[in-house]
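Engineer: One structure coming up, written as structure tokens, with questions to follow.
The values are calculated or read from the model by the stated rules, or taken from the named source; none is laboratory data. Model, not experiment: these values are computed from the prediction. Because the Cβ atoms are built from the backbone with ideal geometry, glycine has one as well, and the counts that use them run over all protein chains shown.
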Amino acid sequence: MKPYDLIIRNGLVASASEMGHWDIAVKDGKVAALGTALPDAAIEIDATGKIVLPGGVDAHCHLDEPTGGPARMADDFRSGTLSAAFGGTTTVIPFARQMKGAGLAEAVEDYHRRADGKAYIDYAFHMIITDPSKAVLGEELPRLIDAGYSSFKIYMTYDDLKLNDRQILEVLDTARQEQALVMVHAENADCIDFLTERLEARGLTGPKFHAAARPPLVEREAVHRAVAYSELVGQPILIVHVSGAEASAQIAGFKARGLPVFAETCPQYLFLTKDDLDLRHFDGAKHICSPPPRTSADQQEIWNGLRNGLFSVFSSDHAPFSFDSAEGKKVAGENAPFRKVPNGIPGLETRLPLLFSEGVGKNRIDLCRFVKLTSTNPAKIYGLFPRKGALAVGSDADITIWDPDRQVTIRNDLLHHNVDYTPYEGRTVTGWPETVISRGEIVIVKSQIAAEAGRGHFLPCARFEHWKDLRA
Ligand code: URP
Ligand code: ZN
Ligand code: ZN
């Protein structure tokens, strides 16, 4: 009987803090040993010339999330987690959305029904709080946090999602009492309404005006307000999908004062600009997301923030609405005004290859920072570490083996999501995940799926207690 189930030999292994040539042995779904000259295993993988990393943790993606209207997300837990796995991700954290007037626990129950039996990889849930009534904050939320739902997103924009300032303060205060983490979508709703109406009055309703209705100031002001409220309450905060220089500068200023502010950014702010909303016909609608992509100077600031630690997390914000679909981008018609186009773009499968190729491959970030941003930090921040986000003895054996030399020209046909486009069509990247292992089971090998849907487990998340360790 061989002592290990699986061994990966001869690869360059990297964690968030070090890299070297070690073999990794797996037993019963866990990392059992790291070292050299380890004894034989039932399955041996030769990773000579390859890079061996903890599987990605995508801590911001939307799967089968009810929209409250006729639009429908194209990916459910089956297609979404399949696509994530092909892109080197082994854990996803999508959102259980509370509907206004309804409870939070029922949103979580409903979301479990949507996920049950479908996922290829493990998953946890954030919640979206849209109606922080006394019952929700006083009773439901503490119970849910206790049960492993320890992070929730709140919105400062979108009529059916946004909270007012008093509600934001109450949510932050509950998070403080219960040791949970509030993630904020920071854009000023009134400014957006004001600008949108002015644009509409002038007939300026094409996709490119989405960016004009949500300029950097709108995000900058909301970031400032959200972080100021977190300071008032004395509670850390995480700003999601930071898009450019102005919001980054706000966050840098607060961090310089020692405030516990965490920030996330996403591929669309590195690889798209607002010009991508200005395409022929209605094609710019493919790139309508909020906040919108900015300028190439903003992209440089986002790279700086990834390099210098301003950003703790790099997520996809995969929000899958098909383009040529009456349930997707065309839900309000072929040439609907930007106000009526569902916001969001797909990116689960391309998140890691894009950052690997343009970040690690072009020496903008090193391999350790890549691991930190895409796996270790999200696992730590959302209470999944060291089970996820690490290749340490005892951690789940969630491992992605990369071929650092493989060149891939991204085409939607190659991807496994259920969306009819990718914003990155035709872009060539170098480096692609070759083998993906989840809890010791090979899920992807040689670009083929090797596991069954439904094998993914739900992961309860620990409370947000250890954030002081995360600030370095
Ligand atoms: O446009 C976006 N980002 N859509 C997804 C929902 C969100 O706000 O993250
Ligand atoms: Zn958002
Ligand atoms: Zn999102």
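Engineer: Would you list the strands (runs of 3 or more DSSP E) that sit entirely within the range 28-69 and hold 2 or more residues that are of a type outside the set (S, T, Y) and crowded, with 23+ Cβ neighbours inside 10 Å?
Structural biologist: 51-54, 56-58
Engineer: Let me ask something else. The conditions are (1) touching a strand residue (DSSP E or B) at 6+ places or on another chain (Cβ under 6 Å); (2) crowded, with 22+ Cβ neighbours inside 10 Å, and L367 fails exactly one of them. Which is it?
Structural biologist: Tallying (1) touching a strand residue (DSSP E or B) at 6+ places or on another chain (Cβ under 6 Å); (2) crowded, with 22+ Cβ neighbours inside 10 Å, L367 fails exactly one: (2).
Engineer: Now for a different question. Going through G328, G284 one at a time, which residue ends up being under 16 Å from D420 (Cα atoms), in contact (Cβ under 8 Å) with a residue 12 or more places away in the chain and assigned to a helix (DSSP H, G or I)?
Structural biologist: Only one candidate passes the filter, namely G284.
Engineer: Moving on. With respect to E106, determine if the residue is modelled with pLDDT of 95 or more, part of a helix (DSSP H, G or I) and farther than 27 Å from A326 by Cα.
Structural biologist: Values: modelled with pLDDT of 95 or more: yes; part of a helix (DSSP H, G or I): yes; farther than 27 Å from A326 by Cα: yes.
In short, yes.
Engineer: Filter the range 50-74 down to the residues that are more than 14 Å from ligand 1 (Cβ to nearest atom) and in contact with a Lys or Arg (Cβ under 9 Å, 6 or more places away or on another chain) and list them by number.
Structural biologist: Passing the criteria: P54, G55, G56, V57.
Engineer: Name the residues in the range 115-130 that are assigned to a loop (DSSP other than H, G, I, E, B) and either in contact with a Pro (Cβ under 6 Å, 6 or more places away or on another chain) or β-branched (V, I, T) (or both), would you?
Structural biologist: Listed by number, the residues that qualify are I121, I129, T130.
Engineer: Scanning for something away from ligand 1 (no atom under 16 Å from the Cβ) and either assigned to a strand (DSSP E or B) or of a type outside the set (F, W, Y) (or both), does the range 153-163 turn up at least one residue?
Structural biologist: The answer is no; no qualifying residue exists.
Engineer: Say we look at the range 209-262 and pick out the residues that are closer than 15 Å to T295 by Cα and acidic (D, E); which of these is nearest to ligand 3 (Cβ to nearest atom)?
Structural biologist: E219
Engineer: So if I check each of R463, R427, R387, which one is touching a helix residue (DSSP H, G or I) at 6+ places or on another chain (Cβ under 9 Å), surrounded by fewer than 17 Cβ atoms within 10 Å (Cβ to Cβ) and not hydrophobic (A, V, I, L, M, F, W, C)?
Structural biologist: R463 is the lone residue from the list that is touching a helix residue (DSSP H, G or I) at 6+ places or on another chain (Cβ under 9 Å), surrounded by fewer than 17 Cβ atoms within 10 Å (Cβ to Cβ) and not hydrophobic (A, V, I, L, M, F, W, C).
Engineer: Only residues that are more than 14 Å from ligand 3 (Cβ to nearest atom) and part of a loop (DSSP other than H, G, I, E, B): list them for the range 331-345, please.
Structural biologist: From the range 331-345, those more than 14 Å from ligand 3 (Cβ to nearest atom) are 331-341; that's our starting set.
Listed by number, the residues that qualify are V331, A332, G333, E334, N335, A336, P337, V341.
Engineer: Okay, moving on. Condition first: farther than 18 Å from E221 by Cβ and of a type in the set (V, I, T). Now tell me which residues in the range 236-271 satisfy that.
Structural biologist: T265
For (1) closer than 20 Å to S83 by Cβ; (2) at pLDDT 95 or above; (3) part of a loop (DSSP other than H, G, I, E, B); (4) within 18 Å of the chain's Cα centre (by Cα), each residue gets a yes or a no:
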{"residue": "L352", "(1), (2), (3), (4)": "yes, yes, no, yes"}
{"residue": "R364", "(1), (2), (3), (4)": "no, yes, yes, no"}
{"residue": "V371", "(1), (2), (3), (4)": "no, yes, no, yes"}
{"residue": "T374", "(1), (2), (3), (4)": "yes, yes, no, yes"}
{"residue": "K380", "(1), (2), (3), (4)": "no, yes, no, yes"}
{"residue": "V393", "(1), (2), (3), (4)": "no, yes, yes, no"}
{"residue": "T400", "(1), (2), (3), (4)": "yes, yes, no, yes"}
{"residue": "D403", "(1), (2), (3), (4)": "yes, yes, no, no"}
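Engineer: Scan G49, G29, G11 and give me the residue that is closer than 30 Å to D116 by Cβ, more than 16 Å from ligand 2 (Cβ to nearest atom) and under 29 Å from the mean Cα position of the chain (by Cα).
Structural biologist: Answer to the selection: G29.
Engineer: Further question: Can you find, within the range 178-204, the residue that is surrounded by the most Cβ atoms within 10 Å (Cβ to Cβ) among those that are free of Cβ contacts under 8 Å to residues at least 24 places away in the same chain and either closer than 29 Å to G138 by Cβ or among the acidic types (D, E) (or both)? Lay out the reasoning, then the answer.
Structural biologist: As a first pass, look at the range 178-204 and keep what is free of Cβ contacts under 8 Å to residues at least 24 places away in the same chain: 190, 193-195, 197-199, 201-204.
Those still in the list that are either closer than 29 Å to G138 by Cβ or among the acidic types (D, E) (or both) too: 190, 193, 197.
Details: D190: 11, D193: 14, E197: 11.
Filtering the range 178-204 for residues that are free of Cβ contacts under 8 Å to residues at least 24 places away in the same chain and either closer than 29 Å to G138 by Cβ or among the acidic types (D, E) (or both), the one surrounded by the most Cβ atoms within 10 Å (Cβ to Cβ) comes out as D193.
Engineer: Hey, among A25, A85, which residue is closer than 30 Å to F323 by Cβ, hydrophobic (A, V, I, L, M, F, W, C) and either outside any loop (DSSP other than H, G, I, E, B) or out of contact with any strand residue (DSSP E or B) (no Cβ under 6 Å at 6 or more places or on another chain) (or both)?
Structural biologist: Working: A25 fails: closer than 30 Å to F323 by Cβ.
After ruling out the rest, the residue left standing is A85.
Engineer: Let me ask something additional. Looking at this structure, is E264 part of a loop (DSSP other than H, G, I, E, B), within 16 Å of ligand 1 (Cβ to nearest atom) and either over 18 Å from H210 (Cα atoms) or without any contact (Cβ under 8 Å) to a residue 60 or more places away in the chain (or both)?
Structural biologist: Values: part of a loop (DSSP other than H, G, I, E, B): no; within 16 Å of ligand 1 (Cβ to nearest atom): yes; either over 18 Å from H210 (Cα atoms) or without any contact (Cβ under 8 Å) to a residue 60 or more places away in the chain (or both): yes.
Taking the combined requirement at face value, the residue does not satisfy it.
Engineer: Here is a follow-up. Within the range 175-190, identify whether any single residue is closer than 30 Å to V443 by Cα, among the charged types (D, E, K, R) and assigned to a helix (DSSP H, G or I), and answer yes or no.
Structural biologist: no
Engineer: Considering the range 108-130 alone, what residues qualify as being within 21 Å of G383 (Cα to Cα), more than 16 Å from ligand 2 (Cβ to nearest atom) and not aromatic (F, W, Y)?
Structural biologist: Matches in the range 108-130: V108, E109, H112, A115, A119, I121, D122, A124.
Engineer: If I go through the range 287-313 residue by residue, how many of them are within 16 Å of ligand 2 (Cβ to nearest atom) and in a loop (DSSP other than H, G, I, E, B)?
Structural biologist: Final tally of qualifying residues: 8.
Engineer: Within the group S296, S290, which residue is within 16 Å of ligand 3 (Cβ to nearest atom), surrounded by fewer than 24 Cβ atoms within 10 Å (Cβ to Cβ) and more than 19 Å from G389 (Cβ to Cβ)?
Structural biologist: S290
Engineer: Select, from D146, D159, the only residue that is modelled with pLDDT under 95, away from ligand 3 (no atom under 16 Å from the Cβ) and over 19 Å from Y229 (Cβ atoms).
Structural biologist: Selected residue: D159, the only one of D146, D159 that is modelled with pLDDT under 95, away from ligand 3 (no atom under 16 Å from the Cβ) and over 19 Å from Y229 (Cβ atoms).
Engineer: Restricting attention to the range 145-177, which residues are of a type in the set (F, W, Y) and either surrounded by 16 or more Cβ atoms within 10 Å (Cβ to Cβ) or in contact with a Leu (Cβ under 6 Å, 6 or more places away or on another chain) (or both)? Before the answer, list the steps.
Structural biologist: Initially, the range 145-177 is screened for residues of a type in the set (F, W, Y), giving 149, 152, 155, 158.
Answer for the range 145-177, where residues must be of a type in the set (F, W, Y) and either surrounded by 16 or more Cβ atoms within 10 Å (Cβ to Cβ) or in contact with a Leu (Cβ under 6 Å, 6 or more places away or on another chain) (or both): Y149, F152, Y155.
Engineer: Kindly check whether there is at least one residue in the range 431-450 that is under 30 Å from F282 (Cα atoms) and part of a loop (DSSP other than H, G, I, E, B).
Structural biologist: No, the range 431-450 contains no residue that is under 30 Å from F282 (Cα atoms) and part of a loop (DSSP other than H, G, I, E, B).
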